[in-house]
Amino acid sequence: MGFFDFLTEEIAIDLGTANTLIIHNDKVVVDAPSIVARDRITGKITHVGQEASLMQGKTHENIKTIRPLKDGVIADFDASEQMISMFIKNIPALKKRFFTPALRMVICIPSGITEVEMRAVKESAERVNGKEVYLIHEPMAAAIGIGVDIMQPKGNMIVDIGGGTTEIAVIALGGIVCDKSVKIAGDVFTNDIVYYMRTQHNLYVGERTAEKIKIQIGAATEDLELPPDDMSVQGRDLLTGKPKQVQISFREIAKALDKSILRIEDAVMETLSQTPPELAADIYNTGIYLAGGGSMLRGLDKRLSQKTDLPVYIAEDPLRAVVRGTGITLKNLVKYKSVLIK
């Protein structure tokens with residue numbers, strides 16, 4: 001390998017439905033929305049990440065914004081490949097290089113993914129010059145990123161609520177013992193809010209506005225210790241067609257999201273009920289770890305804790321837990337050999 005090591009760069013990628021993060025040299029160098037803008041006439045991708053996200057819902061017929069990943073898997077192969085390649089080209093340290101270096105990559109994938117979908121991720125990576133491509137399951141990466149020692153013969157439960165999927169897994173001895181992947185996560189929460197605003201307030205809001213509402217005043221329960229202030233929301237009045245503004249409180253959002261959160265609760269309960277008794281005993285002591293952007297929903301930890309009677313902990317930087325874990329496996333490929341999928 002000697003000579004080629006100089007030409008090889010190592011990167012860890014968390015290819016998410018909502019955000020893509022890349023770690024290079026132990027630093028998060030890319031943290032951007034997984035969205036691209038394509039010019040309809042030339043068919044070329046013109047913007048990617050943050051710039052493309054600002055265009056969402058505001059385009060004319062010559063520009064189309066695409067989210068290449070849906071429910072945690074690649075939906076638009078071509079767009080996802082160009083997106084990854086543009087993100088990699090944007091890494092400051094790699095910009096200086098004369099030629100694109102060969103890449104050693106670890107990419108994380110949802111645990112409920114099929115062989116075909118797995119191959120799509122691998123092929124995308126190989127096309128952007130990935131010479132050695134390893135895959136790792138998301139809950140695994142999240143556990144490592146949270147700081148759980150996954151190699152121990154101890155059970156740990158991870159709930160990773162992303163944009164497209166919620167991954168629930170019980171991990172012991174460096175493997176996933178039981179897991180469940182449900183397609184209810186951040187995107188569904190956002191759509192719930194759009195639907196609620198439409199039915200309750202006759203106000204049509206876009207996806208970006210709904211996302212803003214979710215982040216600013218989103219809640220999982222109606223009894224919060226530190227309730228956020230009410231928010232004024234602008235959109236289009238469905239009755240008059242005029243733009244209008246309404247005031248929304250976090251209680252309304254808690255109502256809007258209730259059904260979806262119930263489904264996540266049920267999935268957690270089901271996973272617990274499939275856990276072998278020895279591991280269930282461990283989880284009684286260690287509790288449940290939450291990662292992913294969805295875990296930042298106010299009061300969700302409390303609600304899960306009441307439902308399961310277990311302590312629930314939120315990872316310290318939940319949005320980056322998965323990519324941190326992926327980066328750690330990249331540094332210790334030998335130690336985590338058993339965790340990675342070649």
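The values are calculated or read from the model by the stated rules, or taken from the named source; none is laboratory data. As the structure is a prediction and not an experimental result, all values here were calculated from the model. With ideal geometry, Cβ positions are generated from the backbone for all residues, glycine too; neighbour counts draw on all protein chains shown. To get the accessible areas, we keep the full protein, side chains included, count just its heavy atoms, and leave off ligands, DNA and RNA. Shrake-Rupley method; radii C 1.70, N 1.55, O 1.52, S 1.80 Å.
Since R236 meets every condition but one in (1) surrounded by fewer than 20 Cβ atoms within 10 Å (Cβ to Cβ); (2) under 23 Å from the mean Cα position of the chain (by Cα), which condition does it not meet?
(2)
If you check every pair at least six apart or on different chains, which have Cβ atoms under 6 Å apart with a residue in the range 261-287 that is under 16 Å from G175 (Cα atoms) first and a residue that is part of a helix (DSSP H, G or I) second?
Partner pairs satisfying both residue conditions: none exist.
Tell me which of these V268 doesn't satisfy, since it passes every other one: (1) modelled with pLDDT of 95 or more; (2) more than 19 Å from D192 (Cβ to Cβ); (3) among the β-branched types (V, I, T).
(2)
Please enumerate the residues belonging to the range 306-320 that are out of contact with any helix residue (DSSP H, G or I) (no Cβ under 6 Å at 6 or more places or on another chain) and either in contact (Cβ under 8 Å) with a residue 12 or more places away in the chain or not in a helix (DSSP H, G or I) (or both).
Result: T308, D309, L310, P311, Y313, E316, D317, R320.
Across the range 136-161, what is the total count of residues that are within 18 Å of G292 (Cβ to Cβ) and either charged (D, E, K, R) or touching a helix residue (DSSP H, G or I) at 6+ places or on another chain (Cβ under 8 Å) (or both)?
The total comes to 16.
Of all residues in the range 266-300, which are out of contact with any Gly (no Cβ under 6 Å at 6 or more places or on another chain), under 20 Å from G72 (Cβ atoms) and either of a type outside the set (D, E, K, R) or surrounded by 16 or more Cβ atoms within 10 Å (Cβ to Cβ) (or both)?
Answer for the range 266-300, where residues must be out of contact with any Gly (no Cβ under 6 Å at 6 or more places or on another chain), under 20 Å from G72 (Cβ atoms) and either of a type outside the set (D, E, K, R) or surrounded by 16 or more Cβ atoms within 10 Å (Cβ to Cβ) (or both): A267, V268, T271, Y289, L290, A291, S295, M296, L300.
Out of all the residues in the range 39-74, which are free of Cβ contacts under 8 Å to residues at least 24 places away in the same chain and either within 17 Å of V128 (Cα to Cα) or open to solvent by 70 Å² or more (accessible area, probe 1.4 Å) (or both)?
The answer is I41, T42, K44, Q50, E51, L54, K58, H60, E61.
Please find, within the range 321-342, the residue that is nearest to the chain's Cα centre (by Cα) out of those that are crowded, with 21+ Cβ neighbours inside 10 Å and assigned to a loop (DSSP other than H, G, I, E, B).
Top of the filtered list is V339.
Tell me, which residue of the range 202-215 that is among the hydrophobic types (A, V, I, L, M, F, W, C) and part of a helix (DSSP H, G or I) is most open to solvent (accessible area, probe 1.4 Å)?
The qualifying residue most open to solvent (accessible area, probe 1.4 Å) is I215.
So for the range 17-31 (the condition being touching a Cys at 6+ places or on another chain (Cβ under 9 Å) and among the acidic types (D, E)), does at least one residue qualify?
Within the range 17-31 (the criterion being touching a Cys at 6+ places or on another chain (Cβ under 9 Å) and among the acidic types (D, E)), the answer is no, since none of the residues qualifies.
Results for (1) in contact with a His (Cβ under 6 Å, 6 or more places away or on another chain); (2) farther than 30 Å from K337 by Cα; (3) touching a residue at least 60 places away in the same chain (Cβ under 8 Å), shown as yes or no for each residue.
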{"site": "I171", "(1), (2), (3)": "no, no, no"}
{"site": "D179", "(1), (2), (3)": "no, no, yes"}
{"site": "L203", "(1), (2), (3)": "no, yes, no"}
{"site": "G206", "(1), (2), (3)": "no, yes, yes"}
{"site": "E225", "(1), (2), (3)": "no, yes, no"}
{"site": "M231", "(1), (2), (3)": "no, yes, no"}
{"site": "A254", "(1), (2), (3)": "no, yes, no"}
